[in-house]
Protein chains: 2
Amino acid sequence: MISKADIKRVRALGSKKQREHSGLFVVEGEKLVAEALRSGFEVEAVYYTDDIGEEAMGRISLLSSPSPALAVVRMPAPPSSSEIDALIASRPLCLALDSVRDPGNLGTIVRIADWFGIDAVFASRDTVELYNPKTVQATMGAVFRRKVIYCDLPRVAERFASESMPVYGTFLDGRDIYSETLSPEGLIVMGSESNGIGEDMAQKVTSRLYIPPYPRDSAGSESLNVAIATAVTCALFRK
Amino acid sequence: MISKADIKRVRALGSKKQREHSGLFVVEGEKLVAEALRSGFEVEAVYYTDDIGEEAMGRISLLSSPSPALAVVRMPAPPSSSEIDALIASRPLCLALDSVRDPGNLGTIVRIADWFGIDAVFASRDTVELYNPKTVQATMGAVFRRKVIYCDLPRVAERFASESMPVYGTFLDGRDIYSETLSPEGLIVMGSESNGIGEDMAQKVTSRLYIPPYPRDSAGSESLNVAIATAVTCALFRK
């Protein structure tokens, strides 16, 4: 059973404003709910179709086809500046997302970061919200394992550079990524879907890379999707 | 101006049945429409918001937010068996998709195939339809440059093997893809989102590969999305 008030409370979490106000977000699907429960995140409520019935699940679900389980989860506190200092001092390999706008792309990138052992994902403040239901679902659970840190991205890039770590970015006039020696530490900047890396961040990049098409001189597609480019880049860094 | 009959005709192409019956599909967006016009594909009609008005465009568009241009395009005839013979005789590098179900994944894979110079994409007959609007849009124009051939996939794999070309597939117990010598010709089999490569196709694979996570022994994410895995695989083949 679920009360009318609870139905209203869960449904409200479809809105970004309400998520920010309450500090709560929704995950759906048996696998994701199980991961939430194991994750160390604070789980406020769990609903199963078996308990509340299909109609009620249809009403609280934020997906077009509801799944048999849904959890309401509390967002973790953002890392403190001393935690960020400690992260950078550990000489990590991190991603920096400059204005990524598509929820599915962000979720897929967090999943990629998880697979390839990327220590954290920094995101510009205009990057799409991590707790958007589409983003959360696209992470396939990686949202519980990888930190996404919204911040002043150029400042973070400066921090990496001041610790003598490289700041990578992909550009059409960059050097062939297959021929470069790629460092196990540093920051990899990925640009937005429509505009690539913005001018402010481009100035912070110390190593310009390029994922060439095949054959090298082919016209054809003019770009790769940002999540695809992230995957190829991370795979080559972790080779 | 656009007639009521034309509005009805275009909208009907949102249905797979109607696309198959008419042999027509829809592309939207100025860039994609321009590519359609240059592509050599037969373009039956083009509509611009400037000509027909926003309201009419809203009615014919199959997207949630209509763009300023829409074209109705005729599907090319599927390749004949002698064309497929000639393709295989040219010792190409091709993809084989075994039951890929998500329209966005298929479109993204065609875009990846275009970028990495994959000669053709073979698809099992239960793979999602290429001319689904979501798929077409996700190809970003690659639908006009790369062939997707629906076929009996195990038979195609046999053809590659009988010409002494390798048939690759990724499996959890495969060999580390980073350490393998990858052939510039052959077939790369990618499995479905939920079940991976099916038993029938798994039997045809002559070289089992694995994209390892980082660090190699990490738990974490249990899989990569099929489009992401395709991108990483193609990038390593084209290194």
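Each reported figure results from applying straightforward, stated rules to the coordinates on display, with no laboratory input. Quick caveat, the model's predicted, so the values are computed rather than measured. All Cβ positions, even for glycine, are placed from backbone atoms using ideal geometry, and neighbour counts span all protein chains on display.
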Added length on full extension, which subtracts the Cα-Cα distance from 0.36 nm per residue, B:Arg74 to B:Leu172: 31.2 nm
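Dividing the convex hull volume of the Cα atoms of chain B by its residue count, what figure in Å³ per residue is obtained?
Residue-normalised Cα hull volume stands at 134 Å³.
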Using alpha-carbon pairs under 8 Å, 6+ residues apart, how would you state the relative contact order of chain A in percent? 19 percent
In whole Å, what are the extents of the stretch A:98-140 along the principal axes defined by its C-alpha atoms, from largest to smallest? 24, 20, 13
Among the DSSP beta bridges whose two residues both lie in the stretch A:19-149, what percent are antiparallel, rounded to the nearest 5? 60 percent
Let's test the formula: R0 of 30 Å, r as the Cβ-Cβ distance of B:Ala5 and A:Lys134. What FRET efficiency results, to the nearest 0.05? 0.25
Mind listing the Cα extents of the stretch A:5-143 along all three principal axes, in Å, largest one first? 50, 27, 26
At a 10 Å Cβ-Cβ cut-off, how would you order B:Phe144, B:Phe116, fewest neighbours first? B:Phe144, B:Phe116
When DSSP beta bridges are limited to those with both residues in the stretch B:81-237, what percentage is antiparallel, rounded to the nearest 5? 5 percent
So how strong a dipole does the stretch A:75-198 carry about its Cα centre when Lys and Arg Cβ are +1 and Asp and Glu Cβ are -1, to the nearest 20 debye? 360 debye
Count the net charge of all other residues whose Cβ sits under 11 Å from the Cβ of A:Leu93, scoring Lys and Arg as +1 and Asp and Glu as -1. 0
Virtual spin-label span in nm between A:Ser82 and A:Ser162, 7 Å along Cα→Cβ: 1.8 nm
Select from B:Lys17, B:Lys134, B:Lys204 the residue whose mean-square fluctuation is largest in a Gaussian network model of chain B (Cα-Cα springs shorter than 10 Å). B:Lys17
Apply the Karplus parameterisation 6.51 cos²θ - 1.76 cosθ + 1.60, with θ equal to phi minus 60°, to every residue of the stretch A:45-56 and state each ³J(HN,Hα) to the nearest whole Hz, in sequence, with x for glycine and proline. 7, 10, 10, 10, 4, 4, 8, 9, x, 5, 5, 5
I'm checking a number: the convex hull volume of the Cα atoms of the protein assembly as shown, normalised per residue, in Å³. What is it? 167 Å³
Determine, from the Cβ-Cβ distance of B:Arg125 and B:Glu42 and an R0 of 22 Å, the FRET efficiency 1/(1 + (r/R0)^6), rounded to the nearest 0.05. 0.35
Taking 0.36 nm per residue of separation and subtracting the Cα-Cα distance, what length does fully extending B:Leu63 through B:His21 add? 13.0 nm
Rotationally averaged projected area of the stretch B:1-50 (alpha carbon convex hull; nm²): 3.8 nm²
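For a footprinting-style exposure proxy, rank A:Arg159, B:Arg38 by other Cβ within 10 Å, fewest first.
With the sparsest Cβ surroundings first, the list reads B:Arg38, A:Arg159.
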Fewest-first sequence of B:Arg59, B:Arg175, B:Arg155 by Cβ atoms within 10 Å of each Cβ: B:Arg155, B:Arg175, B:Arg59
Loop only by DSSP, 10 or fewer other Cβ within 10 Å of the Cβ. Give me the GluC sites (Glu not before Pro) in the stretch A:152-239 that pass, ordered by residue number. none
